[in-house]
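Structure first, commentary second.
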Amino acid sequence: MDTMNLSEVAALLADSTRATMCVAMLDGRAWTVGELAKACKVAPSTASEHVEKLRGGDFVATVRQGRHSYVRLASPHVAELVERLAEHAERRPVHGLSASVRARRLAAARTCYDHLAGALGVAIRDGMAAKRLLDTSSGLSLTRAGHTVLRQLGVVAPETTRPMLRDCLDWTERREHLSGALPAALLGKALGDGWLERRPDRGIVVRPSAAQPLEMLGVDSDRFLTK
């Protein structure tokens with residue numbers, strides 16, 4: 001993407017179908033071309049053409065598993081770019097009941113590519129800091145207690161060159177939530193163990209089984225449990 005000028009980047013996302021694809025892939029999952037076609041309400045052949053243009057601009061990458069091929073956003077950097085553009089669009093006035101409900105749901109808990117955002121994401125950062133699981137005095141780092149709690153939760157820090165912890169400004173809360181390899185691992189564990197469940201629109205449903213893990217992270221689970 002560094003070799004592309006601003007107008008070329010803008011042109012890739014100026015098309016509504018490609019923009020819809022990128023926003024859909026903000027959930028961090030790998031999608032088939034057929035699934036993207038359905039999400040955008042276009043023919044699979046048309047979806048393939050748009051995917052090729054996004055791939056040519058280094059917006060997406062192909063993931064192969066056996067004979068199957070999937071598409072996902074190329075990197076957290078690309079996801080951050082799309083998220084910032086999406087949040088700018090979301091700041092427009094909301095009209096209609098369904099749009100209002102969706103906006104409240106996304107503000108409460110959602111994914112920001114591969115980590116948690118919204119009020120839930122901010123509450124986890126605040127809770128971990130309050131319980132001294134997170135040291136924010138000079139940058140961000142886990143304390144010894146933080147390592148212990150994450151190990152008890154079964155969250156394994158991946159071996160990667162990606163930063164373990166970063167602050168990410170939350171556009172609905174106007175405060176920081178946590179991004180990076182560790183928050184991504186936490187989200188993966190939460191989804192895998194059924195503490196959390198994805199909605200089709202990036203919203204997150206908090207299940208009763210999340211109560212204890214959230215309390216261990218310093219979060220008042222009653223605020224977020226689905227009634």
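Side notes on the structure shown:
- Selection of GluC sites (Glu not before Pro), the stretch 139-227, meeting DSSP coil and at most 15 other Cβ within 10 Å: 159
- Remark: the chain carries a charge dipole of roughly 540 debye about the Cα centre, counting +1 on each Lys and Arg Cβ and -1 on each Asp and Glu Cβ.
- The stretch 169-183 - phi-based ³J(HN,Hα) in whole Hz, Karplus 6.51/-1.76/1.60, Gly and Pro as x: 5, 7, 6, 8, 8, 6, 9, 8, 10, 9, 10, x, 5, 5, x
- Spin-label model, residue 104 to residue 205: label points 7 Å out along the Cα-to-beta-carbon direction sit 1.8 nm apart.
- Rounded to 5, the percent of DSSP beta bridges in the chain classed as antiparallel: 95
- Shown for the chain: the carbon plus sulfur share of the solvent-accessible area, taken with all protein chains present and a 1.4 angstrom probe, equals 52%.
- If you plug the beta carbon distance of residue 193 and residue 5 into 1/(1 + (r/R0)^6) with R0 = 41 Å, you get a FRET efficiency near 0.40.
- Taking the inverse of the mean 1/r over every pair of distinct Cα atoms in the chain gives a Kirkwood hydrodynamic radius of 18.6 Å.
- Förster-model FRET efficiency, 35 Å R0, residue 215 and residue 69, C-beta, rounded to 0.05: 0.25
- Extension gain for residue 53 to residue 138 (0.36 nm times residue separation, less C-alpha to C-alpha distance): 26.4 nm.
- Each Lys or Arg adds one and each Asp or Glu subtracts one; over the other residues with Cβ under 9 Å from the Cβ of residue 195, this totals 0.
- Tail beyond 20 Å, pair distance distribution of the stretch 131-196 (Cα, percent): 31
- Distant-in-sequence amide H partners of residue 225 (H built 1.01 Å from N, under 5 Å): none
- Under 5 Å, built H, 5+ apart or other chain: amide partners of residue 72: 31, 61, 63
- For the stretch 119-124, the Karplus equation 6.51 cos²θ - 1.76 cosθ + 1.60, evaluated at θ = phi - 60°, returns couplings of 4, 5, x, 5, 5, 5 Hz by residue, with Gly and Pro reported as x.
- Alpha-carbon centroid distance for the pair the stretch 1-78 / the stretch 100-159, whole angstrom: 28
- For residue 112, the amide hydrogen comes within under 5 Å of the amide hydrogens of 117, counting only partners 5 or more places away or on other chains and with H modelled in the peptide plane.
The values are calculated or read from the model by the stated rules, or taken from the named source; none is laboratory data. Bear in mind the structure is a predicted one, so any value in this text is a computation, not a measurement. Here Cβ is always computed from backbone atoms with ideal geometry, including for glycine, and neighbour counts include all displayed protein chains. These accessible areas exclude ligands, DNA and RNA; they are computed on the full protein's heavy atoms, side chains included. Shrake-Rupley method; radii C 1.70, N 1.55, O 1.52, S 1.80 Å.
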